[in-house]
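Structure first, then comments.
Just so it is clear, none of the values below were taken in a lab; they were calculated from the coordinates. Quantities reported herein were computed from a predicted structural model and do not represent experimental measurements. Here the Cβ positions follow ideal geometry from the backbone for every residue, glycine too, while neighbour counts run over all protein chains shown.
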Amino acid sequence: MKRPLFIVCSLFAAIFALGSDPPAVRVEPTDSVGPRPLEKQTETAVIRDYLQAWRSLSGAFEQNRADLLDQDFTGAAKEKLADTIQEQVKLGIHTRYRDSAHDLRLVFYSPEELSVQLVDTVEYDMQILDGQKVQTTQHVRARYVAVLTPTEVRWKVRVFQAEPE
Amino acid sequence: MKSRFTFLLVGLVLAAMPFAVAQQTGGLRLPKTVEAGSAFSIQSTGSGKAVLYIVGTGQVLRRNVQLGETTFFAPADLHNAGHYLAALVEGSSTETGAFDVIAAHQPAALSFLAKPSRLAVDLHDGISGVVYVFDIFRNLILAPTQVSFQLSGVTRSVQMRTVLTHNGVAWTKMNSAAKEGVAQFVARVGDVASTRVIQQVPGNPCHLRMSARPSGQRLAVETEPVRDCSGNALSDGTIVTFTETYTGGESTVDVPLKRGVARTDMPAYSGARISVATGVFIGNEILWRKER
């Protein structure tokens with residue numbers, strides 16, 4: 001009885017681990033983003049870097065490696081995520097985040113070009129592992145608010161916060 | 001006896017209050033939302049021991065719990081806003097639910113970006129201010145919050161704007177003053193304020209006039225104090241160019257303003273034309289004729 005259960009669990013874990021298809025991304029048309037028009041190139045770069053930030057987050061939380069956040073997060077967002085990873089290390093758990101869909105809306109571009117805010121209704125699968133044991137797998141839909149700021153070569157996430165839908 | 005009964009009744013009412021906004025998911029009774037930094041509790045059903053995980057990108061908690069009892073979380077336990085998954089694991093069975101932690105209502109910090117830090121006087125909407133409002137735990141306060149912006153400087157006039165945040169951010173634009181000097185740009189939410197200093201410098205020249213007089217074998221040329229359209233003297237160091245055109249040649253001298261005035265010597269060719277300019281602004285022209 002235990003053997004088939006083990007096989008099913010292993011299969012499910014493998015599907016989860018291998019299920020790395022790129023997420024479906026939908027970007028709502030941006031009529032107005034506040035005081036400054038958003039150039040198409042900037043919009044493309046912001047979205048590219050934000051989605052990359054999700055990939056970094058996924059790797060960092062799964063491997064419990066805060067250094068993987070460095071490339072895509074900065075400021076309070078990076079510190080908070082790094083603290084969470086430290087908590088995971090202390091508790092001996094890790095988490096897998098697999099984002100499957102993003103519904104993005106750019107809502108604010110500051111006049112001095114130093115910040116872009118977006119709202120993302122994201123769907124992801126989340127797995128909690130205590131040691132090596134998968135405790136639960138859940139499909140989550142959440143609304144994230146993110147603020148990105150420019151650095152030398154990319155936009156980095158400075159605020160990353162889910163809020164009630 | 002009566003007071004003991006009253007105490008018990010009040011205790012029951014208070015204990016039930018958090019569940020007024022609670023949600024039941026299987027064997028878990030969770031709050032729908034928790035304000036960051038607030039105490040909260042999670043009720044489970046059944047009997048025996050289990051492990052309760054509360055997991056989000058903002059924080060991770062794990063508690064050993066007794067099923068059927070209420071697990072209390074202290075005010076400091078969950079302080080990062082976000083979406084949290086609660087999983088109650090007992091052997092092979094797992095109960096799950098989710099809830100949100102929202103930012104505390106009280107603003108505690110402002111991230112205030114003011115640009116530029118230096119600009120010319122008398123520019124309409126020349127100064128921009130953007131404010132992100134955070135609580136004490138550095139959560140972005142997403143509930144609409146009133147932000148007041150104030151720009152005051154060397155003149156008595158004060159510009160004020162009140163803006164409601166949208167998704168945690170508020171912005172405004174202000175005009176630079178007509179008079180040069182330092183301005184204080186303040187953003188305030190309740191008792192929390194943040195100040196930026198804006199340097200307002202003279203604008204483009206609006207008045208450039210020179211005169212010439214003989215000085216030995218040469219000509220001494222000198223401008224009147226160079227001012228912008230609001231009457232502010234242009235900054236010392238601003239380059240003024242004197243150009244003398246005469247038969248068979250041209251002489252050009254670049255002179256920095258000193259105490260608002262530029263002066264130099266030029267060759268005294270009879271019939272020469274001397275002009276003065278700074279940047280793209282051209283001043284008067286003098287035709288020099290040697291007296292007989």
Explain nothing, just the number: relative contact order of segment B:128-248, from Cα pairs under 8 Å at least 6 residues apart, as a whole percent.
18 percent
Per the rule of 0.36 nm per residue minus the C-alpha distance, extending A:E87 to A:L114 adds in nm 6.6 nm
Residue separation between B:R218 and B:A76 times 0.36 nm, minus their alpha-carbon distance, gives in nm 42.9 nm
Neighbouring Cβ atoms within 10 Å as the yardstick, rank B:I286, B:I136 fewest first.
B:I136, B:I286
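What is the percent of Cα-Cα separations in segment B:153-233 that go past 16 Å?
Result for the distance tail: 67 percent.
Counting other C-beta atoms within 10 Å, and keeping those with at most 15, which DSSP coil trypsin sites (Lys or Arg not before Pro) do you find in segment A:78-165? Don't skip to the end; give the middle numbers.
Numbers: sites: A:K78, A:K80, A:K90, A:R96, A:R98, A:R105, A:K133, A:R141, A:R143, A:R154, A:K156, A:R158; in loops: A:R154.
Answer in residue order: A:R154.
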Fewest-first ordering of A:D83, A:D31, B:D254, A:D72 by Cβ atoms within 10 Å yields A:D31, B:D254, A:D83, A:D72
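Using Cα pairs under 8 angstrom and six or more residues apart, how large is the relative contact order of segment B:15-102, in percent? Could you put the intermediate results ahead of the total?
Values: 209 pairs, mean separation 28.3, N = 88.
Taking the mean separation of contacting Cα pairs over the length of segment B:15-102, I get 32 percent.
Summarise the partner chain shielding of B:112-118 as one whole number: the mean count of Cβ atoms from other chains within 10 Å of each residue's Cβ.
Details: counts 0, 6, 1, 5, 1, 0, 0.
Partner-chain Cβ atoms within 10 Å, mean over residues of B:112-118: 2.
What is the calculated FRET efficiency for B:E250 to B:H166, with r their C-beta to C-beta distance and R₀ = 51 Å, to the nearest 0.05? Don't skip to the answer; put the middle values down first.
On the way: r = 60 Å, r/R0 = 1.17.
So, using R0 = 51 Å, E works out to roughly 0.30.
How large is the convex hull of the C-alpha atoms of segment A:22-163 per residue, in Å³?
On the way: hull volume 14.6 nm³, N = 142.
In segment A:22-163, the Cα hull volume divided by residue count equals 103 Å³.
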Under the Karplus relation with 6.51, -1.76 and 1.60 and θ = phi - 60°, whole-Hz ³J(HN,Hα) for segment A:40-56, x at Gly and Pro, equal 4, 5, 5, 4, 4, 5, 4, 5, 4, 6, 5, 5, 4, 4, 5, 5, 5
What is the set of long-range amide H partners of B:V240 at a cut-off below 5 Å, with H atoms built 1.01 Å from backbone N?
B:V255, B:L257
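Could you work out, residue by residue across B:80-88, how many beta carbons of other chains sit within 10 Å of that residue's beta carbon, and then give the average as an integer?
Per-residue shielding by partner chains comes out at 6.
Taking every residue in B:128-138, how many Cβ atoms of other protein chains lie within 10 Å of its Cβ, on average? Could you put the intermediate results ahead of the total?
Working: counts 5, 3, 8, 0, 7, 0, 2, 0, 0, 2, 7.
Taking the mean over all residues of the peptide, I get 3.
Find the Cα radius of gyration of the protein assembly as shown, compare it with 2.2 N^0.38 Å by division, and give the number to two decimals.
Details: Rg = 33.0 Å, N = 457, 2.2 N^0.38 = 22.6 Å.
Rg over 2.2 N^0.38 Å, computed on Cα atoms: 1.46.
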If each part is reduced to its alpha-carbon centroid, segment A:70-121 and segment B:206-226 end up apart, in Å, by 63 Å
So the label point goes 7 Å from the Cα of B:H105 along Cα→C-beta, right? Which residues of segment B:142-166 then have their backbone N under 17 Å from it?
B:142-147, B:165
